[in-house]
Amino acid sequence: MPSSSRPSHSTTRPSPGAVSAVSSQRATDEPVSSSSISQPVSHAENHAGASGSVIAIAIEDTNANEHTKKKEACTGWFATIGVLVAILIVLIVVVVIATTLANSSSTDTTSSPNTSSTTGPTQNYTVTNTSSLNDTATTTTNELVTTTTTTEPLRITLATTVEPNATSTTTSGLVPFDLAKFQPAMNTSRLQYPESSPAAVNAGQFAGYSSNGFQLVDDQYIQFQISSSEGARSELRHDPQFASSNAVERSIQARMKIPQPDDGLVSQFTFLQVHSKEFLGNPSGPLLRVVWIDSRNDKTDWLWANIRKSLHPKLNEYVPLQARPNDFFDIEVRVVNSTLSILMDGRYPNPVYNAYNLSHWDPIQTNYFKAGVYLNYNSTGPVVTIFDELTFTV
């Protein structure tokens, strides 16, 4: 029996390259068993797992980057808003400071060309000196002195304190001397305010002058005003003097108003006088005082005449004239040939003052007129008298 040939078994293992070739051929020509691909599949799974992890990490990084960008954007917006708010606050502070400084500047001093300012505690008055030579004048209030130079006439404007019963003060800047109807009286009179001496203003020097005690109100009236805290009087003292025995009539004519004085603060005050200066050993004093009295002899709120009845001894008497008018009234005092007459609204309110005998006063050659307001008998005031007309005839 013929012997069959059998493949010979060799103990020699194929090389890795041969194995790879065989494996490659098997993968192409015949199915591959699960056992044969178990190892490669496991490696692929491992590779896929690693790839997934990488993708997940990449996604997480992307999300983190987007969150960071959003956070940075928000931070940028907040920073921008903060800067804008800070700028707005700074602008508000600057505006407030500028407004405060502007208000302070306009309240304390107003600067203009040729204008300087200083401060100092002095009396309540304002002086504005204006001349073509650029003279300097001074404005003084309780807290402020302002120096002003312009090209207008000299003006002195004193601060006005609004007192009870006072007429509204002028807002046009006018002063008493600006009204022609009052100029003759001021050109021949001195202003005694707040005391008789020294005079606040001398005759002929009233241009531009105004004060709390002597001012223009409603642009048409002179107002005299006084209170005991300031002094005793605000009066025009007429300078020309005369003898009561002279045959030439001397007179004072006024159209005036007396506002109701405050109850309890004023008992009596004088608003017109015939006064005398010391002469030949005779002391100075009033021959006549026309007065307001709160209450006397059952007459309340009345006007009276207080007259000197004798030279030696000194004797006076009060004669009632009429109740105080609420509005303007005319009053005239005449002295001629040793007689005295008082007319109110063109009539004699009391027959006593139709040519009252003044022969006892003949030795006195130094009489003069006064008009305004003078406090009597511990009155404190304030007291106001208002004149629409005032004329001295001497």
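The values are calculated or read from the model by the stated rules, or taken from the named source; none is laboratory data. This structure is a prediction, so every number in the text was calculated from the model and none was measured. Positions of Cβ are generated from backbone atoms using ideal geometry, with glycine treated the same way; all protein chains shown enter the neighbour counts. Side chains included, ligands, DNA and RNA excluded: accessible areas come from the protein's heavy atoms. Shrake-Rupley method; radii C 1.70, N 1.55, O 1.52, S 1.80 Å.
Within the stretch 266-310, restricting attention to residues that are under 43 Å from the mean Cα position of the chain (by Cα) and of a type in the set (Asp, Glu), which residue is surrounded by the fewest Cβ atoms within 10 Å (Cβ to Cβ)?
Asp301
Among the strands (runs of 3 or more DSSP E) contained in the stretch 237-319, which hold 3 or more residues that are under 26 Å from Ala203 (Cβ atoms)?
250-257, 268-276, 285-296
Give the stretch 349-390 a look and list any residue that's touching a residue at least 60 places away in the same chain (Cβ under 8 Å), assigned to a strand (DSSP E or B) and either farther than 15 Å from Glu332 by Cα or open to solvent by 50 Å² or more (accessible area, probe 1.4 Å) (or both), or say none.
Scanning the stretch 349-390 gives Asn367, Val373, Tyr374, Leu375, Asn376, Val383, Val384, Thr385, Ile386, Glu389.
Would you say Leu315 is open to solvent by 30 Å² or more (accessible area, probe 1.4 Å) and out of contact with any Ser or Thr (no Cβ under 9 Å at 6 or more places or on another chain)?
yes
Among the numbered criteria (1) open to solvent by less than 60 Å² (accessible area, probe 1.4 Å); (2) of a type in the set (S, T, N, Q); (3) within 47 Å of the chain's Cα centre (by Cα), which single criterion is violated by Asn326?
Of everything listed in (1) open to solvent by less than 60 Å² (accessible area, probe 1.4 Å); (2) of a type in the set (S, T, N, Q); (3) within 47 Å of the chain's Cα centre (by Cα), Asn326 misses just condition (1).
Kindly indicate which of Ser197, Ser172 is of a type in the set (Gly, Ala, Ser) and without any contact (Cβ under 8 Å) to a residue 12 or more places away in the chain.
None of the other options fit; the residue is Ser197.
So Ser172 fits all but one of (1) open to solvent by less than 30 Å² (accessible area, probe 1.4 Å); (2) under 24 Å from the mean Cα position of the chain (by Cα); what number is the exception?
(1)
Condition first: under 22 Å from Glu235 (Cα atoms) and open to solvent by 10 Å² or more (accessible area, probe 1.4 Å). Now tell me which residues in the stretch 339-348 satisfy that.
Ser341, Leu343
Of the residues Ile226, Ile222, which single one is within 28 Å of Ser172 (Cβ to Cβ) and touching a Ser or Thr at 6+ places or on another chain (Cβ under 6 Å)?
Going through Ile226, Ile222 in turn, the sole match is Ile226.
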